[in-house]
Amino acid sequence: MSLNVEHASVRVLPSEKPLRLLDNAGHAVTGAATGGFGLPDSETLLDLYRKMVVARRFDVQVTALTKQGRLATYPSAYGQEACEIGAVAALTTDDWLFPTYRDSVALLTRGIEPGDILAAFRGDWHNGYDQHAHRTAAQATPLATQTLHAVGLSHAARLRHDPVVALTFLGDGATSEGDAHEAFNFAAVWQTPTVFVVQNNQFAISVPLERQTRAATLADKAVGYGMPGYHVDGNDVAAMYAVTQAAIDRARSGGGPTLIEGVTYRIEAHTNSDDPTRYRAARDVEHWKRRDPIERLEKYLVSEGALTEALRTEIADAAEALAERTREVMTTEAEIDPLELFDHVYGRDRAALLEQRAALEAELAAGAFASHAGAAR
Amino acid sequence: MTATVTSSTSAEASAPTQLTMAGALNAAMRDAMTADDRVVVYGEDVGPLGGVFRVTDGLQAEFGTDRIWDSPLAESGIIGTAIGMAMYGMRPVVEMQFDAFSYPAFEQMVSHVAKMRNRTKSRVTLPMVVRIPCAGAIGGVEHHSDSSESYWASTPGLTVVMPSNPADAYSMLREAIDSDDPVVFMEPKSRYWSKAPLALPVTTAPMDRAEVVREGTDVTLIGYGPTVRTALEAAEAASEEGLSIEVIDLRSLSPFDDATVGASVRKTSRAAVIHEAAQFGGYGAEVAARITERNFHHLAAPVLRIAGFDIPFPSPKLEEYHLPTANRVLAALDTWEWDA
């Protein structure tokens, strides 16, 4: 793998044309367009392909379940699989991920169970998985706030001499938030082992990129903070993986933070309550559908003879099995105890909360809530 | 670099010496950093300068730049990174320099510091302390004298405390640093240089308790931070006129110690609360409401609030007209019908 990042000058602007290792026809790219990065080996690419196919099936399934009313909301990552998975697959199990609400398929790739990923969107609780076990912070909703947490955690790891890297996702819109700038700056000044992955999916709900920035690329912003920035084809999983891997290696060896912009597109609406026909043309969506990240890698793997029909069937079956598991867990009502509302506000008991808990318990016992009649424990 | 405090860092109590609140806070951080290498301190100017109030004086020389350092000048960044550090098991103690300079960190405080335990079902806890020099009476120019306590105290998930004297400052800061939950630790700037004879380490009442600091039978005066002194001055003056005033130092704004306050009010049947912050929607409104809801039939008069005017904090030459004084407290008590 190319480690040209070692030589990266933080004063050199990222290439205006996105760095790419596989073109849209699935051909390996050569020359300057690769930025000196080498194509990951076939085994790695096959693994990325498998993860993307499974993630796509999951995403489609969850969108369908949301339309059936099984989830309150779901921010789809359809079309962004190369960004999500290319970046996350480069992390070790000791590294930390700081995701946003749009990164469900990245969480799936981290090994988190569908029901636990979706607990927040079903409305069972704000977050449903064990953050420490998966080294994955709770999905952040307030934009860019989690980027500072990633900087702080990776700085703590560095102070403890632990070889731990933190990777955080943010969107194109989130780069306008103050916290993103503070995170870039703190990370660069403290030289923390942090990797920022900006998924530039072109829209912040309805607002297009040109209303967020006048910079030629979002990766350009890295230069002002004194860290390397990479402008990458976010629908090329090989490039996303290779660049992220190099940034992680660099961070782990004490080289400091990196900003990676993956240029991609949000194929679905922002969430199920959004109406994208009000702000973008169908032909633009069709244009990006023809740049599908999975099809691109598939073409390459088939041309290389790495993806056999048998393997393709096996992967499709695994994706279908996950979709079925997702349907099962999301169509089974989770047991929710309303009294748990009071259990996780403070570590120590508070008299006022105990009073309020007792009041709710009495209401439940009196059958004040039909949906929880007799549910008091 | 010479530390302002020469107290012992061992567990054995030193001989009592005159110590300022700033010195007691400095000693608390030094002792906490000595006791636990996960305790780190950072903020604006806390390193070589020792903080604009010198509360961290000498600590960087003693512990080095991996334990206490100057951060970039961005409060949301300070709080946001402290969250990440606390997630990793560190115990960051961060400084906001002045009340009003904490406002850029409001989102991190309210959306993450306060909620992290809750949103993760206690799987992620944040053992961090946010030190906020607060309130006025130091002749500060604008934005240097705010009282932000009600913003924090009205946010579920935060613990908010404010010591009024050097002994509590030491003991409560040690307890806050040891806490597995985040603590907003408010330091009344006008009391930084107040002195008391102190042998360290000192352990006072738990930080979630209010304390009766002067006993009385006729009125309960409730203060916190800078207004405890105001209450004590009023009580002393009133005693010369035969009025017996009990003074409570709240110490903890969240949680609120209903038990201690309620017991006092049921004894005296009259209560007033004093704070520097504007009256409207201020912390005193919560105090008055809680006392009234829980003790109405013991009350002989409405609960009074002696607070700052409902105005932005005044410029230095005008702050004396705004801040509650003992005379203003006594005048307020005179508005009650005493013969009823």
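The values are calculated or read from the model by the stated rules, or taken from the named source; none is laboratory data. Everything numeric in this text was worked out from a predicted model, so none of it was measured. Note that we place each Cβ from the backbone using ideal geometry, even for glycine, and neighbour counts take in every protein chain shown.
Of note:
- Flag if B:THR159 is crowded, with 22+ Cβ neighbours inside 10 Å and either among the aliphatic types (A, V, I, L, M) or outside the structural domain of B:HIS322 (by TED's automatic domain parsing) (or both): yes
- Looking only at the stretch B:243-261, and only at residues there that are among the charged types (D, E, K, R) and within 14 Å of chain A (Cβ to nearest Cβ), the one that is nearest to B:ALA205 (Cα to Cα): B:ASP257
Residue-wise test of (1) within 25 Å of B:ASP168 (Cβ to Cβ); (2) exposed (fewer than 14 other Cβ atoms within 10 Å of the Cβ); (3) in contact (Cβ under 8 Å) with a residue 40 or more places away in the chain.
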| site | (1), (2), (3) |
| --- | --- |
| B:LEU243 | no, no, yes |
| B:ASP258 | yes, no, no |
| B:VAL265 | yes, no, yes |
| B:PHE280 | no, yes, no |
| B:GLU320 | no, yes, no |
| B:ALA326 | yes, no, yes |
| B:VAL329 | yes, no, yes |
| B:GLU337 | no, yes, no |
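- Here B:PHE313 fits the description: in a loop (DSSP other than H, G, I, E, B), out of contact with any Lys or Arg (no Cβ under 9 Å at 6 or more places or on another chain), touching a residue at least 40 places away in the same chain (Cβ under 8 Å) and within 27 Å of B:PRO188 (Cα to Cα).
- None of B:ASP57, B:ASP66 is assigned to a loop (DSSP other than H, G, I, E, B) and more than 7 Å from every other protein chain (Cβ to nearest Cβ) except B:ASP57.
- When each of A:LEU311, A:LEU360 is tested for being more than 34 Å from the chain's Cα centre (by Cα) and either assigned to a helix (DSSP H, G or I) or among the basic types (Lys, Arg) (or both), the lone residue that passes is A:LEU360.
- Positions within the stretch A:47-100 being of a type in the set (Asp, Glu), more than 17 Å from A:ARG266 (Cα to Cα) and part of a helix (DSSP H, G or I), in sequence order: A:ASP47
- Within the stretch B:107-123, residues that are at the interface with chain A (Cβ under 7 Å from one of its Cβ atoms) have Cβ atoms under 8 Å from residues that are of a type in the set (Gly, Ala, Ser) and outside any helix (DSSP H, G or I) in these pairs: B:ARG117/A:GLY347; B:ARG117/B:GLY157; B:ASN118/B:GLY157; B:ARG119/A:ALA138; B:THR120/A:ALA138; B:SER122/A:GLY347, counting only partners at least 6 apart in sequence or on another chain.
- The listed residue being farther than 30 Å from A:TRP125 by Cβ, among the small types (Gly, Ala, Ser) and assigned by TED's automatic domain parsing to the domain that holds A:ALA247, out of A:ALA87, A:ALA77, A:ALA82, A:ALA55: A:ALA82
- Candidates A:SER253, A:SER176, filtered to the one that is among the polar types (S, T, N, Q), in the same structural domain as A:ALA90 (by TED's automatic domain parsing), free of Cβ contacts under 8 Å to residues at least 40 places away in the same chain and farther than 25 Å from A:ALA77 by Cβ: A:SER253
- Residue pairs whose Cβ atoms lie under 6 Å apart, sitting 6 or more positions apart in sequence or on different chains, and linking a residue in the stretch A:265-276 that is among the aliphatic types (A, V, I, L, M) to a partner that is buried (at least 18 other Cβ atoms within 10 Å of the Cβ) and not in a loop (DSSP other than H, G, I, E, B), are A:ALA269/A:PRO276.
- Taking the criterion of being part of a strand (DSSP E or B) and farther than 16 Å from B:THR325 by Cβ, the residues of the stretch B:242-269 that qualify are B:GLU246, B:ILE248, B:ASP249, B:SER252, B:LEU253, B:SER254.
- Test: residue in the stretch A:258-266 that is of a type outside the set (Asp, Glu) and out of contact with any Gly (no Cβ under 8 Å at 6 or more places or on another chain): no
- Check on B:MET85, within 12 Å of chain A (Cβ to nearest Cβ), free of Cβ contacts under 8 Å to residues at least 60 places away in the same chain and buried (at least 23 other Cβ atoms within 10 Å of the Cβ): yes
- Those helices (runs of 4 or more DSSP H) of the stretch A:103-185 in which at least 1 residues are closer than 27 Å to A:SER253 by Cβ, modelled with pLDDT of 95 or more and within 9 Å of chain B (Cβ to nearest Cβ), considering only elements entirely within it, cover A:131-134, A:145-159.
- Residue that is surrounded by the fewest Cβ atoms within 10 Å (Cβ to Cβ) [pool: residues in the stretch B:206-241 that are in contact with a Leu (Cβ under 7 Å, 6 or more places away or on another chain) and in a loop (DSSP other than H, G, I, E, B)]: B:ASP218
- Counted residues, the stretch B:69-79 - those being touching a residue at least 24 places away in the same chain (Cβ under 8 Å) and outside any helix (DSSP H, G or I): 5
Listed here are the residues, each with its yes/no results for (1) of a type outside the set (Gly, Ala, Ser); (2) under 13 Å from the mean Cα position of the chain (by Cα).
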residue: A:LEU45; (1), (2): yes, no
residue: A:ALA55; (1), (2): no, yes
residue: A:ASP59; (1), (2): yes, yes
residue: A:TYR78; (1), (2): yes, yes
residue: A:THR93; (1), (2): yes, no
residue: A:PRO99; (1), (2): yes, yes
residue: A:LEU107; (1), (2): yes, yes
residue: A:TYR129; (1), (2): yes, no
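- From the list A:GLU320, A:GLU314, A:GLU340, A:GLU324, the lone residue that is modelled with pLDDT of 95 or more, within 14 Å of another protein chain (Cβ to nearest Cβ) and surrounded by fewer than 14 Cβ atoms within 10 Å (Cβ to Cβ) is A:GLU340.
- Condition check for A:ALA188: within 14 Å of chain B (Cβ to nearest Cβ), surrounded by fewer than 24 Cβ atoms within 10 Å (Cβ to Cβ) and touching a residue at least 60 places away in the same chain (Cβ under 8 Å): yes
- In the set A:GLN212, A:GLN199, only one residue is away from chain B (no Cβ under 14 Å) and within 14 Å of A:ILE260 (Cα to Cα); that residue is A:GLN199.
- Beta carbons closer than 6 Å, at least 6 apart along the sequence or on distinct chains, pair a first residue in the stretch A:221-237 that is over 11 Å from A:GLN80 (Cα atoms) with a second that is of a type in the set (Val, Ile, Thr) and surrounded by fewer than 24 Cβ atoms within 10 Å (Cβ to Cβ) for A:GLY226/A:VAL10; A:MET227/A:VAL10; A:PRO228/A:VAL10; A:HIS231/A:THR217.
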